[in-house]
Structures are given as C-alpha cells and as structure tokens.
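Asker: After the structure tokens below, expect a handful of questions from me.
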Ligand SMILES: Nc1ncnc2c1ncn2[C@@H]1O[C@H](COP(=O)(O)OP(=O)(O)OP(=O)(O)O)[C@@H](O)[C@H]1O
Ligand SMILES: [Mg+2]
C-alpha cells in the first residue's frame, strides 16, 4: 500500500493561537440515506468532521459520494440516519437563517425580482431586517461583489458569473454562521470560474466568514479551502483530512501544489476497487491519526 505523506490538519485547522476554540460545526458519525418504498440508498457512511469559525472547509470527492447530501444535512433539510450535526453546540434539527446555501444553478434567483429585491428577500422573509435596513444591506453587499450598477436589473439580463455574485451577496447579507456552497462555480467557463475563486478569496479576506464548500475539483479544493475532507466514492466515507491553507491561486502550477494535487488524486482514485479493504485501512489510519491529535 502506498503511503501518502499529506499534512494532516491539526485540531485548530492550522491556525495558530486558536487551540482552545470549540468547533463551530461538528459532524459526528453522520450516515445519510434516501429511503423510497422500493429501496434505501446510503449516501454517506459515518462521516465525521469539525469546522472552526473562519474555516474554508471543503468537502471533496467523486460524483455521487454524498457531498451535496452532506451539505443538505448541514442545511437541516435531511436528518442523519446515524450520528449528529451540531452548530455552536446545538443539534441541527431543521433549516435556519444561520445556514445559507449557494447552489450551482443559475436559476436560484427568482426572475421576477430585481437583483436588489433578490438580495433583500431572505432578510425580509426571515424578519432579520425591516425594509430600509434590508435595502441598505443589499446595496452594501452588491457593492462588495461589484454589482452596484445592476441593483435594478432583472436576473435574466445578467451573465452566469454575475448571477452567482448575486447569490453570494444574498447569502452573505444574511450574515449566516456558515455559508454553504455546493459547486457554485461548476457551471461557469474556466476563466470566470478562476475569477470567482479569486473574488471569493478576497471577500473571505475582508469578512472572514465560515465556509463549507463542496467541489469535485481537486484544484478548486486546494485554491478555495484551508482544510479539505476527502470522501471515498459512494457511499462517502472519510478517506483523509488535509491542511491546504498554504495554497491559493498564486500557488497554482507550483511544484508543491501539483504534487499535493497528485497525492489527493491518488487518495481519491488510484486504489483498486478490491481495495475496499486496503484503502479503508489506509484512510482509517489517516483519519484516526487526525482524530488522535484532536483527543
Ligand atoms: N433524492 C434522492 N433520492 C435518492 N437517492 C438520491 C437522491 N439524491 C441523491 N441520491 C443518491 O445519493 C448519493 C449521493 O448523492 P449526492 O448528490 O449527495 O452526491 P454528490 O457527491 O453531490 O455528487 P455530484 O458531485 O455528482 O454532485 C448518490 O448515490 C445519489 O444517487
Ligand atoms: Mg452534488
């Protein structure tokens, strides 16, 4: 069995001076299933991870490994079959304004509302703000994502990237405890995707929000995340957790970036299928050592 010398994330998420802080989000042994009359599909199997305040935590794994399902569970739309998800120590029992999702689809903005109205809507619906404050917050966040001039435009007049910026502004205007993003840039062309990653990074530098980000792109995971949870193919189990805070757009193409990307690829895909056993052991060791450090 090959050894993958990936840096295992220390319990503080690699941030010095925060050893004592408690995780904001804790997933403990989370098994998620879809049940129909005919059969049950297990999407994830006993997945555990901790997200600390200010983390850019990435769920990375192949298609069908349960990333979106995990995000839905954190959003409170699906209840775990086993295990628990806690936010700030409280069990997640349903959706709430403290968790807002940005999806991949461009049609997540109601088309009959202007850009500004779209951003205001969740603030008003959740009663987080009255009209005047909602409008001020909407304009503030539209400015942050560079869309001031489009406040009165309708979504169909915007490009895909601009629509995603509106969705990000709408989510951040809610000031959620955790921003959930499910492959938000996957439907964009390569250049726009790169630009959006850069803008997200810049927004995070300014605002330091907590991000839980789903992708199946290794490169995107390294660029966006400070910690990455690698999930096995269906049903998703934890293969490893790695520290990626040292990488960003600036490091793409560099040798450390590329060798880490190759190692992640190996961890995710290179083990032969028989390796259900072998790989599970390998991953188990990695995640056990990460847990052991936490103990
Ligand atoms: N509504 C559903 N009913 C039944 N099974 C589902 C449902 N949604 C997802 N699944 C199954 O659960 C598993 C995990 O799906 P999920 O969408 O979470 O994967 P994913 O990692 O997000 O994949 P992708 O990268 O393609 O988006 C898959 O086997 C999928 O077929
Ligand atoms: Mg998905």
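The values are calculated or read from the model by the stated rules, or taken from the named source; none is laboratory data. Not measured: the values here are computed from a predicted model. All Cβ positions, glycine included, derive from the backbone under ideal geometry; neighbour counts span all protein chains shown.
Asker: Is it the case that segment 81-90 has a residue that's away from ligand 1 (no atom under 16 Å from the Cβ), over 16 Å from residue 216 (Cα atoms) and surrounded by 23 or more Cβ atoms within 10 Å (Cβ to Cβ)?
Answerer: No, because not a single residue in segment 81-90 is away from ligand 1 (no atom under 16 Å from the Cβ), over 16 Å from residue 216 (Cα atoms) and surrounded by 23 or more Cβ atoms within 10 Å (Cβ to Cβ).
Asker: Hey, another quick one. Looking at segment 55-77, which of the residues that are part of a loop (DSSP other than H, G, I, E, B) and surrounded by 18 or more Cβ atoms within 10 Å (Cβ to Cβ) is farthest from ligand 2 (Cβ to nearest atom)? Spell out the reasoning first.
Answerer: Of all residues in segment 55-77, those part of a loop (DSSP other than H, G, I, E, B) come to 55, 61-66, 76-77.
Remaining after also requiring surrounded by 18 or more Cβ atoms within 10 Å (Cβ to Cβ): 55, 61, 65-66.
Values: 55: 20, 61: 10, 65: 9, 66: 8 Å.
Applying the filter and picking the extreme gives 55.
Asker: Follow-up. When you scan segment 157-165, do you find a residue that is at pLDDT below 95 and either at positive phi or under 18 Å from the mean Cα position of the chain (by Cα) (or both), even just one?
Answerer: Residues of segment 157-165 at pLDDT below 95: none.
No, segment 157-165 has no match at all.
Asker: Between a residue in segment 117-131 that is in contact (Cβ under 8 Å) with a residue 24 or more places away in the chain and any residue that is loosely packed, with under 13 Cβ neighbours inside 10 Å, which pairs come within a Cβ distance under 7 Å, given they are 6 or more apart or on different chains?
Answerer: Matching pairs, first to second residue: 118/110.
Asker: Moving on. Can you find a residue in segment 213-223 that is within 16 Å of ligand 2 (Cβ to nearest atom) and under 27 Å from residue 113 (Cβ atoms)? Step through it out loud before you land on a result.
Answerer: Residues of segment 213-223 that are within 16 Å of ligand 2 (Cβ to nearest atom), as a first pass: 213-218, 220-221.
When the remaining residues are screened for being under 27 Å from residue 113 (Cβ atoms), the result is 213-214.
Yes; the residues of segment 213-223 include at least one that is within 16 Å of ligand 2 (Cβ to nearest atom) and under 27 Å from residue 113 (Cβ atoms).
Asker: Let me ask another. Tell me the helices (runs of 4 or more DSSP H) entirely within segment 185-295 that contain at least 1 residues that are modelled with pLDDT of 90 or more.
Answerer: On the way: elements: 190-207, 218-224, 255-265, 276-294.
Output list reads 190-207, 218-224, 255-265.
Asker: Checking residue 176 against (1) part of a loop (DSSP other than H, G, I, E, B); (2) within 13 Å of ligand 1 (Cβ to nearest atom), which test does it fail?
Answerer: For residue 176, the exception is condition (2).
Asker: Name every residue in segment 185-212 that is in contact with a strand residue (DSSP E or B) (Cβ under 7 Å, 6 or more places away or on another chain) and within 14 Å of ligand 2 (Cβ to nearest atom), in order of residue number.
Answerer: From segment 185-212, those in contact with a strand residue (DSSP E or B) (Cβ under 7 Å, 6 or more places away or on another chain) are 204, 209-212; that's our starting set.
Within segment 185-212, 212 is the sole residue that qualifies.
Asker: Among the candidates 230, 200, 158, 211, single out the residue that is in contact with a helix residue (DSSP H, G or I) (Cβ under 8 Å, 6 or more places away or on another chain) and free of Cβ contacts under 8 Å to residues at least 40 places away in the same chain. Talk me through it step by step, then tell me what you get.
Answerer: On the way: 230 fails: free of Cβ contacts under 8 Å to residues at least 40 places away in the same chain; 158 fails: free of Cβ contacts under 8 Å to residues at least 40 places away in the same chain; 211 fails: free of Cβ contacts under 8 Å to residues at least 40 places away in the same chain.
Just a single option satisfies the conditions, and that option is 200.
Asker: May I ask you to list the residues in segment 221-253 that are surrounded by fewer than 20 Cβ atoms within 10 Å (Cβ to Cβ) and within 16 Å of ligand 1 (Cβ to nearest atom)?
Answerer: Looking only at segment 221-253, we keep the residues that are surrounded by fewer than 20 Cβ atoms within 10 Å (Cβ to Cβ), and these are 233-234, 243, 245-246, 248-253.
Answer for segment 221-253, where residues must be surrounded by fewer than 20 Cβ atoms within 10 Å (Cβ to Cβ) and within 16 Å of ligand 1 (Cβ to nearest atom): 233, 234.
Asker: Residues being outside any strand (DSSP E or B) and within 20 Å of the chain's Cα centre (by Cα): count how many of those fall in segment 21-40. Don't jump to the end; show me each part of the working.
Answerer: Step one: list which residues in segment 21-40 are outside any strand (DSSP E or B), which gives 21-24, 36-39.
If we keep only those that are within 20 Å of the chain's Cα centre (by Cα) as well, we get 22-24.
Adding up the residues that qualify gives 3.
Asker: Residue 104 versus (1) under 24 Å from the mean Cα position of the chain (by Cα); (2) on the phi > 0 side of the Ramachandran plot: which is the lone unmet condition?
Answerer: Of the numbered conditions (1) under 24 Å from the mean Cα position of the chain (by Cα); (2) on the phi > 0 side of the Ramachandran plot, the odd one out for residue 104 is (2).
Asker: List the number of the failed condition for residue 39; all other conditions in (1) over 13 Å from residue 236 (Cβ atoms); (2) touching a residue at least 60 places away in the same chain (Cβ under 8 Å) hold.
Answerer: The one condition residue 39 does not meet is (2).
Asker: Conditions: (1) modelled with pLDDT of 95 or more; (2) within 22 Å of residue 248 (Cα to Cα). Residue 13 meets all but one. Number of the miss?
Answerer: Of (1) modelled with pLDDT of 95 or more; (2) within 22 Å of residue 248 (Cα to Cα), only one is false for residue 13: (1).
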